[in-house]
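The structure appears right after this line, and notes come after that.
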Amino acid sequence: MTQHGVDAEEDDVPEWTDRIKANVAGEVRRRRKEMGWSAQDLADQCERLGHPIPRNVIANMESGRRANLPLVDVMVLAAGLETYPVCLIFPVGYVERTQELPFQDLVPTWDALQRFTGDEEVPGYDPGLVAEYEHHASLVHTALAALEEEERARFAARTATGRAQQEEAERRRTRYAEEAISAKYTLRRLRRDIREEGATPPALPPALSDVDPPETDPDTTPEERL
């Protein structure tokens, strides 16, 4: 903490870093004990994950004697403890209030986590392509669900015992087929936009391998390419 208002900047920065390290250390210790593990058990798990963190380093971190805490260690500790890195940094439910940045007031830990993950918008911040990737995931889900329902309706039409049943099944098959095509076209446009941003769109499941246009005859129609 600052003393007598002197050297506020130099004193406040370590207070913030110490607070974040204490969040991580406390949650690592709590989670480790919850799992019934010793510090050596956690060290062994980190080694199995490919990034050894010795037992004495873990013990020093938990007791507050470790001077630094690299991000890569937080990532591996979280994986070893079967949780998410953000849950170590901002342990919701176990730390009531925390500090997001130096010189800032304490805020509810839940609010800090929401902003850290981008779930709460911060004015002026660039969210990158998070929204586009979320939209992509939603479209993939919609397209796959429509394709599955289309196949079910096709089977129902094929096995229908009466004309009315068959016609109803065919109407459902047509509706789901149109939903799938619509989702695929939107996916194609979205993936094109992502590429135009200089980024790489997410991988597609095999059932949607026809979304990206093939690099073939430019004279083919969109329907033929999809």
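Observations on the structure shown:
- A 1.4 Å probe run over the chain, with the rest of the protein chains in place, finds 64 Å² accessible per residue.
- Summing Lys and Arg as +1 and Asp and Glu as -1 over all other residues whose Cβ lies under 15 Å from the Cβ of residue 147 gives a net charge of -1.
- Separation of alpha-carbon centers, the stretch 89-129 and the stretch 170-210, rounded to whole Å: 34 Å
- Shown is the FRET efficiency for residue 119 and residue 40, computed with R0 = 30 Å from the Cβ-Cβ distance and rounded to the nearest 0.05: 0.25.
- Backbone amide hydrogens, once placed in the peptide plane, bring residue 98 within less than 5 Å of 107, 109, excluding anything fewer than 5 places away on its chain.
- Counting Lys and Arg as +1 and Asp and Glu as -1 over every other residue whose Cβ lies under 14 Å from the Cβ of residue 69, the net charge comes to +1.
- Cβ-defined net charge surrounding residue 27, 12 Å radius [Lys, Arg +1; Asp, Glu -1]: +4
- The alpha carbon gyration tensor of the stretch 28-146 gives principal lengths a ≥ b ≥ c with a/c of 1.5 or higher and a/b no greater than b/c, which makes the shape oblate.
- Candidate values (i) 71; (ii) 61; (iii) 56, label of the one derived for percent of Cα pairs over 21 Å apart: (i)
- Spin-label model distance (nm) - residue 131 vs residue 175, 7 Å beyond Cα toward Cβ: 3.2 nm
- Considering only 100, 148, 62, the mean-square fluctuation computed in a Gaussian network model of the chain, springs between alpha carbons under 10 angstrom, is largest for 148.
- Carbon and sulfur %, accessible surface of the chain computed with the full protein complex present, 1.4 Å: 52 percent
The values are calculated or read from the model by the stated rules, or taken from the named source; none is laboratory data. On a predicted model such as this, the values are computed, not experimentally measured, just so you know. Glycine also receives a Cβ, built like all others from the backbone with ideal geometry; neighbour counts cover every protein chain displayed. Heads up: the accessible areas ignore ligands, DNA and RNA and are worked out on the full protein's heavy atoms, side chains in. Shrake-Rupley method; radii C 1.70, N 1.55, O 1.52, S 1.80 Å.
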